[in-house]
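> Got a structure for you, written out below as structure tokens; questions coming shortly.
Derivation of every value follows stated rules applied to the coordinates shown; laboratory data play no part. Computed from a prediction, not measured in an experiment: that's the story for all the values here. Cβ: placed from backbone, ideal geometry, glycine included. Neighbour counts: every protein chain shown.
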Amino acid sequence: MSEIDLFPVPAQWAREARVDAAGYEEMYHRSVAEPDVFWLEQAQQLEWITPPTQAGDWSFDADDFHIRWFADGSLNASVNCIDRHLAERADQVAIIWEPDVPTEEPRRITYAELHREVCRFANVLKAQGVAKGDRVTVYLPMIPEAAFALLACARIGAIHSVVFGGFSPDALAGRIEDCGSKLVITADEGRRGGKTIPLKANVDAAAASAPTLERVLVVRATGGDVPLGERDTWYHEAAADVSDDCAPEPMAAEDPLFILYTSGSTGKPKGVLHSTGGYLLWAAYTHGLVFDYRAPNVYWCAADIGWVTGHTYIVYGPLANGATTLMYEGLPTWPDASRIWQVVDRHQVHTLFTAPTALRALMKEGDAPVGATSRASLRLLGTVGEPINPEAWRWYHDVVGEGRSPIIDTWWQTETGGALIAPLPGATDLKPGSATKPLPGVQPQLVDETGKVLNGATSGNLCITASWPGQMRTVWGDHDRFFQTYFTTYPGKYFTGDGCRRDEDGYYWITGRVDDVINVSGHRMGTAEVESALVLNHQVAEAAVVGMPHDVKGQGIYAYVTLKAGVEPSDALAAELKAWVRKEIGPIATPDALQFAPGLPKTRSGKIMRRILRKIAEGDTTSLGDTSTLADPAVVDDLVANRVSG
Ligand code: ATP
Ligand code: MG
């Protein structure tokens, strides 16, 4: 690693951050040496009804498999996110809501108002017959009521299952049925990027194949003309005469807080179940540490609530920390590529947390839309969702942040509840493309195919050897699938499914899903590496690389390339890009086939569905599997029609 690739902690962060480099080392050491002491101490950042006296109680072994944290403690998540802040910050804004349409007025909800709204929502749920332990499906757009609904469930001990508002009726029905929810909370319609989404109509369509569904609560969001049937109730009518107060339900730390279905990029979505105490602590702990959050800085996680990032880093983490959290209804690129930066200026955003896919989409439009805004309030920039290619990292750092703000690349999964590997702004020197080092309490390990532990600078399969409080507890309805999926590949360890390189400084570089590793003539290559090389070319906006069968090499490299606006595809350009990769990485990485793709099949969280790309590359286009969670299923047809041969 050359000097030039190291970005030291900015002076202001070094001076002001709560944790500096020595502090991190000390904290990490303590977390591993005395985990019980460390975690009981951390647990004090929550407000407990019964404070726990036990920390972790877990075993990843087959004969004694169990995971429990703070098992004798009890608490309520909504109290932690609202009530306990009232004494000090009743009038502080808890949620800033930025509407889809830029000319409309934002909403600002104080902690006192949040308390009232959540209590009312909770009372409505109770009146609808929802009780502790019941599952409630939430199918809402990005409106404040989405946060109210989650916290209202938490207040009465109901388990929420959020289904992304862009999902189809089929995807919704499958998720209602899988967890057996009797109530769905939805809205008349959603809005996103100037388009209307018929949420209520989708619920009606889903109801036909979701027999457990009994009642639908409808929030009026757009005021569109939406007829209500027998099972439906307008939220505002039900809320008209409920009380402003609702006593919180005491919950055991291990009681479930929510179910969230994974995005399905590797198979049938799993109902990931998170606990009340451990998850909430992980959300608060990581949000506080990784963003060094201080109230009342304005913090914006530009994710959707239908994704785990929205749960942990729009709602639970920031609110548990008494933050002002910004919630945005729309798209970063609508009505134009300046919007995200205009929102930053409008609300004086201090911390912005987004995904590489959004950054690449913005980067594609050039620097001018960024330059048209001030962004002077920004001090911290975060990213999550996939490996960030160094090119996008540098753009984020240099152009967006003007070199002021560290890039906090957080590696984690729906399963992990919150960040596990990430830099701390005041402690960690950065390397573009690396999520850097494990957070205190996280013990990563790299192993080879046979499970042999690999030490030092090396590449391997990323496992976590010790439980952490935010770890998922089960797959809803299928505990055996939970064990089989994560704990049998390398017995005694949690296997993340990700490949990873650790460099000589102990920095971790996620190379993508292990099943995305391509074996070309015996050389193992992460797809992310080839993609990063392609995106480095100034004509390329985005790239996805998969393996394809190859007579000679075993596997060949098939690259899908989206060009920047204004660049025309041609055979000459395909040849040029192949030669480019050859020069950047080496002959072994030269793509065997290169297809220009106007769009890539992505999940709603921006992840490329490689299993579909793999099938197309293999020429097997008849059984593409479940595509219900794709952001835009139409791109698949174009890819199939324009497949190239290697
Ligand atoms: P499914 O499990 O259904 O296939 P998914 O894995 O796409 O869905 P998530 O839990 O949202 O759903 O994604 C977690 C994965 O995203 C990680 O395992 C990793 O591959 C990738 N990822 C997330 N953040 C980062 C990051 N900062 N750097 C590299 N990879 C990341
Ligand atoms: Mg996953």
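> For the range 43-179, what is the relative contact order in percent, using Cα pairs closer than 8 Å and at least 6 residues apart in sequence?
About 18 percent, as a whole number.
> Another one. GluC sites (Glu not before Pro), restricted to the range 329-409: which are DSSP loop and have at most 14 other Cβ atoms within 10 Å?
E402
> Further, regarding this structure: For the range 509-610, restrict the atom set to alpha-carbon positions and state the Rg and Dmax in Å.
That works out to 13.0, 38 Å for Rg and Dmax.
> From the phi angles alone, apply the Karplus equation (6.51, -1.76, 1.60; θ = phi - 60°) to the range 605-613 and give each ³J(HN,Hα) in whole Hz, x where the residue is Gly or Pro.
Once θ is set to phi - 60°, the couplings for the range 605-613 become 8, x, 8, 6, 7, 5, 4, 6, 4 Hz.
> Can you compute the charge dipole magnitude of the range 348-495 about its Cα centre, using +1 on each Lys and Arg Cβ and -1 on each Asp and Glu Cβ, nothing else charged? Give it in debye, rounded to the nearest 20.
So the dipole magnitude of the range 348-495 works out to roughly 260 debye.
> DSSP beta bridges in the range 501-646, what fraction antiparallel, as a percent rounded to 5?
Of those bridges, close to 85 percent are antiparallel.
> While we're here: Choose one of C81, F65, A55: the residue whose Cα lies farthest towards the positive end of the charge dipole of the range 1-88 (beta-carbon charges +1 Lys, Arg; -1 Asp, Glu; about the Cα centre).
So the residue furthest toward the plus end is C81.
> So what's the Cα pair-distance distribution over the range 1-144, bin width 10 Å, in %?
With a bin width of 10 Å, the distribution comes to 9, 19, 26, 27, 16, 2, 0.
> What order do you get for 302-311, 174-183, 44-53 when each peptide is scored by the mean count of other beta carbon atoms within 10 Å, highest first?
Highest to lowest by the protection proxy: 302-311, 174-183, 44-53.
> Treat the count of other C-beta atoms within 10 Å as a stand-in for reagent exposure and order L462, L430 from fewest to most.
L430, L462
> Assuming a viscosity of 1.306 mPa s and a temperature of 10 °C, what translational diffusion coefficient in µm² per second does Stokes-Einstein assign to the range 328-387, Rh being the Kirkwood radius over Cα pairs?
134
> By counting other Cβ atoms within 10 Å of each Cβ, how are S467, S532 ranked from fewest to most?
S467, S532
> Here's another thing I want to ask about it. Once each part is reduced to its C-alpha centroid, what is the distance from the range 210-257 to the range 85-163 in angstrom?
If we compute the Cα centre of each part, the gap is 11 Å.
> Rounded to two decimals, what is the ratio between the C-alpha radius of gyration of the range 210-311 and 2.2 N^0.38 Å?
Dividing the Cα radius of gyration by 2.2 N^0.38 Å gives 1.43.
> Hey, another quick one. Please report, in whole Å³, the volume per residue of the convex hull around the C-alpha atoms of the range 593-646.
About 73 Å³ per residue, rounded to a whole number.
> Also, I was wondering about something else. With r defined as the distance between the Cβ atoms of W58 and A21 and R0 fixed at 30 Å, what FRET efficiency is calculated, to the nearest 0.05?
Given R0 = 30 Å and the Cβ-Cβ separation, E is 0.50.
> Under the definition of Cα pairs under 8 Å and six or more residues apart, what whole-number percent is the relative contact order of the range 402-480?
Answer for the range 402-480 is 24 percent.
> If you don't mind, there's one more thing I want to ask. Taking every Cα atom in the chain, find the radius of gyration and the maximum pairwise distance Dmax, and write them in Å.
Cα-based Rg and Dmax for the chain come out at 23.8, 73 Å.
> How big is the convex hull of the Cα atoms of the range 302-411, per residue, in Å³?
Taking the convex hull of the Cα positions in the range 302-411, it is 97 Å³ per residue.
> Right, another one. Quick one, can you get me the convex hull of the C-alpha atoms of the range 506-551 expressed as volume per residue in Å³?
Per residue, the Cα convex hull of the range 506-551 comes to 106 Å³.
> Would you please give the residues with an amide H less than 5 Å from that of G56, counting only those at least 5 places away or on a separate chain, with H modeled from the backbone geometry?
Residues meeting the amide H criterion: F70.
> Putting +1 on Lys and Arg Cβ atoms and -1 on Asp and Glu Cβ atoms, find which of G277, T458, L439 reaches farthest to the positive end of the dipole of the chain.
Result: T458, furthest along the dipole toward the positive end.
> Return the percentage of antiparallel bridges among DSSP beta bridges fully within the range 65-170, rounded to the nearest 5 %.
Bridges in the range 65-170 are about 50 percent antiparallel.
> Fewest to most neighbouring Cβ within 10 Å: what's the order for C500, C153?
C500, C153
> Now a separate question. Of all DSSP beta bridges located in the chain, what percent are antiparallel, nearest 5?
If I count the DSSP bridges inside the chain, around 60 percent turn out antiparallel.
> Per-residue HN-Hα couplings for the range 20-30, Karplus 6.51 cos²θ - 1.76 cosθ + 1.60 at θ = phi - 60°, whole Hz, x for Gly and Pro?
9, 4, 5, x, 4, 4, 5, 5, 4, 4, 5
> Quick one: what does P(r) look like for the range 89-169 with 10 Å bins over all Cα pairs, in whole %?
Taking every Cα pair in the range 89-169, the percentages come to 18, 42, 33, 7, 0.
> Can I ask one more? Amide H of L630: which non-local residues (sequence gap of 5 or more, or other chain) have their own amide H closer than 5 Å, using H built in the peptide plane?
none
> Something else now. Please turn the phi angles of the range 233-247 into ³J(HN,Hα) values with the Karplus equation 6.51 cos²θ - 1.76 cosθ + 1.60 (θ = phi - 60°), one per residue in order, whole Hz, x for glycine and proline.
Values per residue, Gly and Pro as x: 9, 5, 4, 5, 6, 5, 8, 4, 10, 9, 6, 7, 10, 8, 5 Hz.
> Relative contact order of the chain: what whole-number percent is it, with Cα pairs under 8 angstrom and at least 6 residues apart?
Relative contact order comes out at 13 percent.
> OK, next. Using the crude model of +1 on Lys and Arg Cβ and -1 on Asp and Glu Cβ, and no other charge, please compute the dipole size for the range 81-174 relative to its Cα centre, in debye to 20.
500
> Hey, another quick one. Quick one: which residues, 5+ away or cross-chain, put their amide H under 5 Å from the amide H of E329? H built at 1.01 Å from N.
Amide H neighbours of E329: E98, D100.
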